[in-house]
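The values are calculated or read from the model by the stated rules, or taken from the named source; none is laboratory data. This is a predicted model, so every value here is computed, not measured. Here Cβ is always computed from backbone atoms with ideal geometry, including for glycine, and neighbour counts include all displayed protein chains. Side chains are part of the model used for accessible areas, which takes the heavy atoms of the whole protein and leaves out ligands, DNA and RNA. Shrake-Rupley method; radii C 1.70, N 1.55, O 1.52, S 1.80 Å.
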Amino acid sequence: MRVDFKAAIAAEISKAVSAKNPDAAAQENWAGFLETPPNPEMGDIAFPCFRLAKIFKKSPAQIAQELLGSLENAPLPFLSKAVPAGGYLNFYLDRSAYVEQALKPIAEQKEKYGSSRAGAEKIITIDYSSPNIAKHFHVGHLGTTMIGHALVNILRFLGYTVIGINYLGDWGTQFGKLITAYQKWGDKNEIERTGIDALVELYIRFHQEAEKDKSLEEEARAWLVRMQNGEEEALALWRRFGEISMTEYQRVYQRLGITFESYRGESYYNDKLDSVVQELKEKNLLTESQGAMIVDLSEHQMPPCLILRSDGGSLYPTRDIAAALDRKNTYRFTKSLYVTGMDQCLHFAQWMKVIELMGYDWAKDMVHIPYGMVVFEGGKVSTRNGHVIKMEDLLNEAAAKTLDIIEKKNPGLERKESVAEQVGLGAVIFNQLFNSRMKDVLFSWERILNFEGETGPYVQYTHARACSVLEKARQASLAEADWEPIWDQIVWSVLTDEHSYETIKILERFPDAIAEAADKYEPFLISRYLIALSQAFNKLYHYNPILTASPEEKAGRLALVFCVKTVLAAGLALLGIAAPEKM
Ligand code: ARG
């Protein structure tokens, strides 16, 4: 079991205070007061005594002194000493004891280290990726796909039951246009051959021709009506467009290791919209405005939420309301998450407010998780006019560029192509998850593929380096299978030097990084964590030779390498990134 050092200290402080004044102790969250001193000479954990000084009407320095006295016999075996200084009581960890306490949970739990049962019995739905049928899965979906996938992994690691939902954009006026274009200029074979490319061409052609020939719009509307009326000819084409699109999407998801529990898209809600409109009417929320039906949100400082268009067509918000009701019914979620670009913030704020106005108290359990844009370096987007950058092309390019690098750096590497795929994709994913999600993401090949920068490849490379050290140890000990330290023979004091200690302190806070990432829906907290751990380990590796050290040191250092390797792989896995053992 992991010892929470801060919590243990806080509990003892609370006991000491309540011995003197039970009321004061009950009021405060002492763990929340504990700080990390600005430099290690002042100890590892500090307790500021100013609050207690007020309660007991004594100076903070006096309180620090008295507290030290009360803690004299407290069971805190991982501390070497506590020293009062400037109104603080500073605690110094006993390094050997600390190192042992910090690494043992990793030895026991291995790749499960940092996981918990915090989410047991709780269900979370997460709506992410959700591309639009007959359109490419493009870089605009990078954020929702990568952030969503990382959140799925992180929440599952914490014990939640997570339902990943791909809310496909599979209904709307565009399909009427597409069917019209297909009937006029479509080529079945071309579509079989080039997939979505052909559909996009048809869609573009429709708009070009419609400029000259206004009757096309009429025709498109007629096709949409036939779809809405359930006419088989129209629906068969619509289904075919869906299948063609899914083929491309699935190729991408497979490469990224993403699967969904549900593919209920927009069309699934066609026959569930009337009852939403009915319910809104019954609850006196609908008003008419210029022929449209809206929910007035002026009291909530928002423009109205459009429920029905003047032509009777339904809208994006109405479907989202129907889908939310369906998800609550189907999954009884504790939380319902939606990951989209921040241009949809108003849309989500509006319809979620409508759910609240409908009287559903679970409206508070729905969370919109927005993110910034991908900005390509120099603003140059290398694609033909009117075309977006396809996710698949981006991934292909990432793998190809990585293969070039491997050919130069390590031409003898086995399974080069598959490592290039893992590292190339890792670079793209890591870059997407490297900053707080609201920030725009800068994309430059040079930067994201830099093996020495703050990148995915750097973390993967550090992991591979740790693996190779362990592999050498395995060979030297003639072990056949996976090599693992003999934990009860480790002399922990060999790991108390500055570099080992710094690395271990980082290892020890992995569970906190995961919990915070889940709490804030911010995978970048894990990316940053992995960079910090990689940097500490590379420094350690530079200063502490392993294979030439004394047997005791060697065993201890190898155990530490084992822990670093384990945590790097676990962290990468949470982000949706592979950790090859050689690269
Ligand atoms: N299909 C939409 C798009 O590509 C995203 C859907 C987001 N989810 C939702 N429930 N509205 O922009």
Q | Estimated distance in nm for a label pair at V83 and E233, the labels positioned 7 Å out from Cα along Cα-to-Cβ | A | 8.9
(Q) Ordering S215, S436, S262 by accessible area with a probe of 1.4 Å, largest first, what comes out? (A) S215, S436, S262
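Counting alpha carbon pairs within less than 8 Å and at least 6 residues apart, what relative contact order, in whole percent, applies to the range 419-460?
For the range 419-460, the relative contact order is 43 percent.
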Q) Which percent of the accessible area of the chain is formed by carbon and sulfur heavy atoms (probe 1.4 angstrom)? A) 50
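Give the relative contact order (percent, whole number) for the range 279-343; include only Cα pairs under 8 Å separated by 6+ residues. Could you put the intermediate results ahead of the total?
Numbers: 56 pairs, mean separation 11.0, N = 65.
Averaging sequence separation for qualifying contacts and normalising by length gives 17 percent for the range 279-343.
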Q.
Under 21 Å between alpha carbons, and skipping anything fewer than 8 positions from K188 in its own chain: which lysines qualify?
A. K135, K177
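I want the antiparallel fraction of DSSP beta bridges within the chain, as a percent rounded to 5.
Numbers: 20 of 40 bridges.
Beta bridges within the chain, antiparallel portion: roughly 50 percent.
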Q) Between the helical axis of 551-575 and the dominant principal axis of the chain, each derived from Cα atoms, what acute angle in degrees is found, rounded to the nearest 10? A) 20
Q: Let me know the charge dipole size of the chain about its Cα centre in debye, to the nearest 20, where only the beta-carbon of Lys, Arg (+1) and Asp, Glu (-1) is charged.
A: 800
Q) In degrees, nearest 10, range 0 to 90: what is the angle between the Cα axis of helix 196-212 and the longest Cα principal axis of the chain? A) 50
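May I ask you to give the solvent-accessible area per residue for the range 70-221, in square angstrom, as obtained with a 1.4 angstrom probe?
About 42 Å² of surface per residue is accessible.
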Q | Helix 232-256 vs. the chain, principal-axis angle (Cα, 0 to 90°, nearest 10) | A | 20
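Is it possible to state the helix-based mean residue ellipticity at 222 nm for the chain, with each DSSP H run of 4+ residues giving -39500 (n - 2.57), the sum divided by total residues, to the nearest 500 deg cm²/dmol? What is it? Walk me through the numbers on the way to the answer.
Values: 23 runs with 319 residues, N = 583.
Mean residue ellipticity at 222 nm (helix-derived): -17500 deg cm²/dmol.
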Q | Global geometry of the chain, whether rounded, prolate or oblate, following the gyration tensor of its Cα atoms and the 1.5 cut on a/c | A | oblate
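What is the magnitude of the charge dipole of the range 1-159 about its Cα centre, with +1 placed on the Cβ of each Lys and Arg, -1 on the Cβ of each Asp and Glu, and no other charges, expressed in debye to the nearest 20?
Here the size comes out at about 260 debye.
Percent relative contact order of the chain, based on C-alpha pairs within less than 8 angstrom and at least six residues apart?
On the way: 889 pairs, mean separation 87.0, N = 583.
It comes to 15 percent, rounded to a whole number.
Taking the DSSP beta bridges in the range 44-191 as the whole, what percent of them are antiparallel, to the nearest 5? Before the final figure, lay out each step's value.
Numbers: 10 of 16 bridges.
Around 60 percent antiparallel, to the nearest 5.
Less than 12 Å Cβ to Cβ from N29, Lys/Arg counted +1 and Asp/Glu -1: what total charge do the surrounding residues give?
+1
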